[in-house]
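Asks: Could you have a look at this structure, given as structure tokens, before my questions?
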Amino acid sequence: MKRSLKDETSQPHLAQARWEQAYLAFETPAAEQRKFIRRLNRLGQATWPRSARIVELFCGRGGGLLALETLGFTAIEGVDVSASLVDCYAGKGQIHVADCRALPLAAASKEIVIVQGGLHHLTALPEDLATVLTEVERVLVSGGRFVIVEPWLTPFLQLVHAATRVRVLRAIYQPLAALATMIDLERPAYFNWLHQPGVILELFASRFKVVKMRLGWGKIEAEFVVSKGGHR
Ligand SMILES: C[S@@+](CC[C@H](N)C(=O)[O-])C[C@H]1O[C@@H](n2cnc3c(N)ncnc32)[C@H](O)[C@@H]1O
């Protein structure tokens, strides 16, 4: 059955189902694993204790958690609001179906919090981001790490956006078609995020000490540390 844009606007669950289909089709689980392991290497996982209590927020189908498991981490949890996506996860970590603006986790219970491609789904910026950061601060121990990878409006990402608008490229390169669908369905939140870099960076800096930050290839990759006594 063909769905129209009107159906999706009036029935958000249809848009959600279509977004999840595109997300699952974007890359194979094997390609996704290679990507997550490369990222975690860049983010310094080799220096993290294997017993570190880690939670991945906005964990989706759990590919990031599987990568952590492959790397030998033993105390991993994930949080995502989509029951259907977390159902795809078959790893050993504990999963919570919940909104990351109200984490079902105890205070000072984690050494590391990771987010990969979730913050740009928050609909109200900067309010929702501030709420999530307050939750991250709450669940981290003093000195705990907060690691993020999110889209960032670099020239490369602008080029990718331009490519998603070219029908023939979408037709010959399936990941581009999947990306175009995802962007289309998450458009307000996605562009709201991409167009407020200053507000976002200021908010991070007001809550955490920046350990490292790299902007490139359409992404921000950063590591922050929380100091419960304040870092300023
Ligand atoms: C782009 S996906 C990223 C998933 C995963 N981190 C990955 O890289 O494969 C974004 C995820 O955020 C989830 N999400 C969106 N808003 C959320 C919220 N407020 N609380 C928890 N999860 C949320 C969606 O269900 C989706 O799984």
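Asks: What does segment 61-202 give for Rg and for Dmax, in Å, if only its C-alpha atoms count?
Replies: 16.7, 51
Asks: Name the most mobile residue of Ala52, Ala31, Ala163, meaning the one with the largest mean-square fluctuation, in a Gaussian network model of the chain with Cα contacts below 10 Å.
Replies: Between Ala52, Ala31, Ala163, it is Ala31 that shows the largest mean-square fluctuation.
Asks: If you don't mind, another one. Counting only protein heavy atoms, what percent of the accessible surface of the chain is carbon or sulfur at a 1.4 Å probe? Write out the running numbers ahead of the final one.
Replies: Details: 6760 of 11490 Å².
Answer for the chain: carbon and sulfur cover 59 percent of the accessible area.
Asks: Okay, next question. How many Å² of accessible area per residue for segment 23-225, probe 1.4 Å? Before the final figure, lay out the partial values.
Replies: Working: 9100 Å² over 203 residues.
Accessible surface, normalised per residue, equals 45 Å².
Asks: Over segment 151-221, how many percent of alpha carbon pairs lie in each 10 Å bin up to the one with the longest distance?
Replies: Binned Cα distances yield the sequence 18, 44, 26, 11, 2.
Asks: Related question: Once you keep just the Cα pairs under 8 angstrom separated by 6 or more residues, what percentage relative contact order results for the chain?
Replies: Numbers: 375 pairs, mean separation 45.4, N = 232.
Computed over the chain, the figure is 20 percent.
Asks: Of the lysine pairs in the chain, how many meet both conditions: Cα atoms under 30 Å apart, and a spacing of 8 or more in sequence or different chains?
Replies: So the count of such lysine pairs works out to 16.
Asks: To the nearest 10 square angstrom, what accessible area does Ile37 show with a 1.4 Å probe?
Replies: Approximately 40 Å² for this residue.
The values are calculated or read from the model by the stated rules, or taken from the named source; none is laboratory data. This one's a predicted model, so the numbers in the text were calculated from it and none came from an experiment. Only protein heavy atoms, including side chains, enter the accessible area calculation; ligands, DNA and RNA are left aside. Shrake-Rupley method; radii C 1.70, N 1.55, O 1.52, S 1.80 Å.
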